[in-house]
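Worksheet: the structure to be examined is printed underneath.
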Amino acid sequence: MPIIKPRKRNPKGFGARVRDKSYEGEMYMKRSIYEGFFGALNNWFGEGVPCFLDNTTMTRIGLRIVAYALKILLRFYINPFT
């Protein structure tokens, strides 16, 4: 479910009312953190996952996330005040 901030004017359509009911302010504030993390994954590994099997795809995505998290941890371990 996308997290989209509601507009100031009253919702008139069915989709706008559904969007406004599903909005959570706390999740909207954390949205940039998640988008930044997955954007950095795309920059580091590329966008596509070159495989067709679901198991292989999920394994590769999981390994990419673990590798990127280790890279961030090593950055803090080597230079903790940056």
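The values are calculated or read from the model by the stated rules, or taken from the named source; none is laboratory data. Owing to the predicted nature of the structure, the values given are computational and were not obtained by experimental measurement. Cβ: placed from backbone, ideal geometry, glycine included. Neighbour counts: every protein chain shown.
Table: residues versus (1) acidic (Asp, Glu); (2) surrounded by 10 or more Cβ atoms within 10 Å (Cβ to Cβ); (3) modelled with pLDDT of 75 or more.
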{"site": "PRO2", "(1), (2), (3)": "no, no, no"}
{"site": "LYS5", "(1), (2), (3)": "no, yes, no"}
{"site": "TYR28", "(1), (2), (3)": "no, yes, yes"}
{"site": "ILE33", "(1), (2), (3)": "no, no, yes"}
{"site": "GLY39", "(1), (2), (3)": "no, yes, yes"}
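A quick yes/no check of all residues on (1) surrounded by 11 or more Cβ atoms within 10 Å (Cβ to Cβ); (2) out of contact with any Asp or Glu (no Cβ under 7 Å at 6 or more places or on another chain); (3) modelled with pLDDT under 80; (4) among the small types (Gly, Ala, Ser):
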{"position": "GLU47", "(1), (2), (3), (4)": "no, yes, yes, no"}
{"position": "PRO50", "(1), (2), (3), (4)": "no, yes, yes, no"}
{"position": "GLY62", "(1), (2), (3), (4)": "no, yes, no, yes"}
{"position": "LYS71", "(1), (2), (3), (4)": "yes, yes, no, no"}
{"position": "PHE76", "(1), (2), (3), (4)": "no, yes, yes, no"}
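Pairing residues of segment 23-44 that are within 27 Å of ALA67 (Cβ to Cβ) with residues that are at pLDDT below 80 and not in a helix (DSSP H, G or I), at Cβ distances under 6 Å and at least 6 apart in sequence or on separate chains, gives MET27/ILE3; ARG31/ILE3.
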